1. With 23 Å as the cut-off, how large is the P(r) tail for the chain, expressed as percent of Cα-Cα pairs?
2. Quick check: the angle from helix 3-12's long axis to the longest principal axis of the chain, C-alpha only, nearest 10 degrees?
3. Treat each spin label as a single point 7 Å out from the Cα along the C-beta direction, and report the residue 138 to residue 29 distance in nm.
4. Express the Stokes-Einstein translational diffusion coefficient of region 76-121 in µm² s⁻¹, to the nearest whole number, given a Kirkwood radius over alpha-carbon pairs, 37 °C and a viscosity of 0.692 mPa s.
5. Can you give me the angle between helix 55-71 and the longest principal axis of the chain, using Cα atoms only, in degrees from 0 to 90, rounded to the nearest 10?
6. Give the distance, in whole Å, between the Cα centre of region 1-71 and the Cα centre of region 85-144.
7. Assuming 0.36 nm per residue, please report the length gained on full extension of the stretch residue 120 to residue 4 beyond their Cα-Cα distance.
């Protein structure tokens, strides 16, 4: 299955979302042309021992948004793997809705650089992330595998 078909199916509910997004509770809002928006409603299931959302959950959300953004711009037969991921946290939170907006900053023939901003429901910046990805050409991707 081509990545654009997979993303369209995820958006309209005809394709199962990735298992990790189901586990965490991440939902896809938009994907296309090197951009993506995903959302997560946080709660106690996402807390660390300090009773705030674990940073790894925010990192998963950002990684998903950046991955979908890059995936939305792949050509037929292309795939990618992350080789670097970084995140900065600006505020802690407990319960609420988050939106992660990922976008491609630069896409070359073999390397893509993607960024993401996560905002809370009041529009405050919670975290910002970046990712460098290696793009491969090995045939159609099977996201469910």
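The numbers here are math on the coordinates, done by the rules we state, and not lab data. Remember, it's a predicted structure, so these values are computed and weren't measured experimentally. Every residue, glycine among them, receives a Cβ derived from its backbone with ideal geometry; neighbour counts consider all protein chains shown.
1. Values: 3330 of 10440 pairs.
Cα-Cα pairs of the chain separated by over 23 Å account for 32 percent.
2. 40 degrees
3. Distance between label points: 3.3 nm.
4. On the way: Rh = 13.1 Å.
Translational D for this selection: 250 µm²/s.
5. The angle comes out near 30 degrees.
6. 10 Å
7. On the way: separation 116, 0.36 × 116 = 41.76 nm, distance 2.79 nm.
Extending this stretch completely gives an extra 39.0 nm.
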